[in-house]
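Student: Have a look at this one.
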Amino acid sequence: MSVLLEFAMFPTSDNCREGSSVSKQVAKIIDAIDKSGVTYKLTPMGTIVETDTMREALDVIELAYEQVKECERVYSSLKFDIRHNSEERLKNKIKSVEKNIGREVRK
């Protein structure tokens, strides 16, 4: 099974922001995910992780929240794409599109 999880998580409270920037808090989240060994991709609008189970995906969310739990208010949005009998979709979905285009897409 492959669970793709795209999520964004960041503080909205003044006690965890510098002006309008939340990059320091997001960096804490990304560092924790990176150290966890989970396959992930950082994008300008969120982070995509791939796990073998839903439980592992939910554990990533809990890990992310632990990094910003001192913040008074935290916003998060989550999207899941769950597929049985499949793996490495974080890479293979892109390859499939590139195959249909006939070239690599800009990264």
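Student: Please list, ordered by residue number, the strands (runs of 3 or more DSSP E) wholly in region 1-77 having 2 or more residues that are among the small types (G, A, S) and touching a residue at least 60 places away in the same chain (Cβ under 8 Å).
Tutor: 2-11
Student: Specify which of the listed residues (K95, K91) is under 29 Å from Q25 (Cβ atoms), in a helix (DSSP H, G or I) and either of a type in the set (D, E, K, R) or touching a residue at least 60 places away in the same chain (Cβ under 8 Å) (or both).
Tutor: Only one candidate passes the filter, namely K91.
Student: Just checking, how many residues over region 67-105 are of a type in the set (A, V, I, L, M), more than 20 Å from K41 (Cα to Cα) and surrounded by 14 or more Cβ atoms within 10 Å (Cβ to Cβ)?
Tutor: So the answer is 1.
Student: Looking at (1) free of Cβ contacts under 8 Å to residues at least 40 places away in the same chain; (2) of a type outside the set (S, T, N, Q); (3) within 18 Å of C16 (Cβ to Cβ), can you tell me which one K107 breaks?
Tutor: The single condition K107 does not satisfy is (3).
Student: Okay, moving on. So, in region 5-60, exactly how many residues are touching a Gly at 6+ places or on another chain (Cβ under 6 Å) and within 17 Å of E88 (Cβ to Cβ)?
Tutor: Matching residues across region 5-60 total 1.
Since every read-out is calculated from the coordinates, none of them should be taken as a lab result. Treat the numbers as computed from the prediction; the structure is a model and nothing was measured. Cβ atoms come from the backbone with ideal geometry, glycine included; neighbour counts cover every protein chain shown.
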